[in-house]
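One structure below.
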C-alpha cells in the first residue's frame with residue numbers, strides 16, 4: 001500500500017536526489033570513477049557585469065559538473081545589448097570552465113525568441129529541439145566543445 005502526496009518538501013527532495021545519485025553512480029562506471037572527486041559535485045559558476053553606477057548590467061549563472069559547464073541563465077539589460085556584453089560574459093564563463101575547472105564542453109537551453117542564433121555564432125551546435133514547449137515556443141538544447 002502506498003500513499004501518494006503532492007507538495008513541496010525540500011528534505012524529501014534532497015533525499016530523493018541523493019538516492020538517485022547513488023543509484024546512477026552504482027550503474028555508471030564514469031560516475032563511479034568520479035566518486036569523491038571534486039568534479040563529482042556541482043560547483044556554481046557566476047559571471048557578473050556591473051555598469052559604472054554599480055547596477056547589474058548583465059550576468060551568467062551556471063555550474064560545472066564532471067567535465068561540463070551548464071549555463072542556466074545569461075541575461076543582459078536592454079540598455080547594454082548590442083555592445084558585446086553577452087559575448088564577453090559567455091567567453092569568460094567558458095574560459096573559467098576550461099582553464100580552471102578542466103571542463104571539456106558546455107550545454108545550455110534557450111527558446112526560439114531568445115538567443116539560438118547568438119549561441120550558434122559562438123560555436124554552439126543544436127543537439128535537441130522541443131517544439132511547442134511551452135505552447136507556441138520552441139526550446140533548443142545546444143552544446144559546444146571547449147577543447
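Just so you know, all these numbers are worked out from the coordinates, no wet-lab data involved. Bear in mind the structure is a predicted one, so any value in this text is a computation, not a measurement.
With an 8 Å Cα cut-off and a minimum separation of 6 or more residues, compute the relative contact order for segment 39-145 in percent.
Contact order relative to length: 21 percent.
Over the chain, dividing the summed -39,500 (n - 2.57) contributions of all DSSP H runs of at least 4 residues by the number of residues returns a 222 nm mean residue ellipticity of -10000 deg cm²/dmol. In units of the rule-of-thumb radius 2.2 N^0.38 Å, segment 39-145 shows an alpha carbon radius of gyration of 1.09. Considering only 125, 11, 94, the Gaussian network model of the chain with Cα springs below 10 Å gives its largest mean-square fluctuation to 11. Across 12, 100, 88, mean-square fluctuation computed from a Gaussian network of the chain (C-alpha pairs under 10 Å connected) peaks at 12. Build a GNM of the chain with springs between Cα atoms under 10 Å apart, and of 104, 78, 49 the one that fluctuates most is 78.
Could you work out how much longer the chain between residue 130 and residue 78 gets when fully extended? Use 0.36 nm per residue separation minus the Cα distance between them, nm to one decimal.
On the way: separation 52, 0.36 × 52 = 18.72 nm, distance 2.71 nm.
Extending this stretch completely gives an extra 16.0 nm.
The gain in end-to-end length when the residue 22 to residue 46 segment is fully stretched comes to 5.9 nm, 0.36 nm per residue minus the alpha carbon separation. With semi-axes defined as the square roots of five times the eigenvalues of the C-alpha gyration tensor, the equivalent ellipsoid of segment 73-124 measures 20, 14, 9 Å, largest first.
Segment 55-75 and segment 76-115 have Cα centres separated by 7 Å.
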